[in-house]
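Student: Take a look at the following structure, please.
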Amino acid sequence: MRMWIQLFQLIPFNPCLLMAIEPVDLTGGKSVYCFNEAQLKHAFDLYGSQDETGEQIRVEVERIETALTRNQRASLAFVLIDHLNKTSELD
């Protein structure tokens, strides 16, 4: 008991350590990729926005979905995500 008290005095309290984190199933297929839900929501907000940005995104999505197969679209999505992970907005 004394050791536990000493341990808790050394480690600052973090309430996140007490919460159970349940995974969110975003798979929908055989491939699995981890998505940040806030980023995913922001992406759909941009896609659905009624401005020039939203229109550009919708036009490109429709063009890509018409021109490419499902596997080609999946490949493109992963390549784009990889490129985004390796670059910053300043590049």
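Student: Looking only at region 9-28, decide whether some residue is at pLDDT below 90 and touching a Cys at 6+ places or on another chain (Cβ under 9 Å).
Tutor: There is at least one residue in region 9-28 that is at pLDDT below 90 and touching a Cys at 6+ places or on another chain (Cβ under 9 Å).
Student: Scan region 79-91 and tell me whether some residue there is surrounded by 12 or more Cβ atoms within 10 Å (Cβ to Cβ), part of a helix (DSSP H, G or I) and free of Cβ contacts under 8 Å to residues at least 40 places away in the same chain.
Tutor: no
Student: Looking only at region 54-75, how many residues end up being in a helix (DSSP H, G or I), at pLDDT below 95 and either loosely packed, with under 10 Cβ neighbours inside 10 Å or not small (Gly, Ala, Ser) (or both)?
Tutor: 4
Student: Going through region 34-53 one residue at a time, which ones are exposed (fewer than 10 other Cβ atoms within 10 Å of the Cβ) and small (Gly, Ala, Ser)?
Tutor: Of everything in region 34-53, just one residue is exposed (fewer than 10 other Cβ atoms within 10 Å of the Cβ) and small (Gly, Ala, Ser), namely ALA38.
The values are calculated or read from the model by the stated rules, or taken from the named source; none is laboratory data. Here the structure is a predicted model, which means the values were calculated and not measured. Glycine gets a Cβ as well: all are built from the backbone with ideal geometry, and neighbour counts include every protein chain shown.
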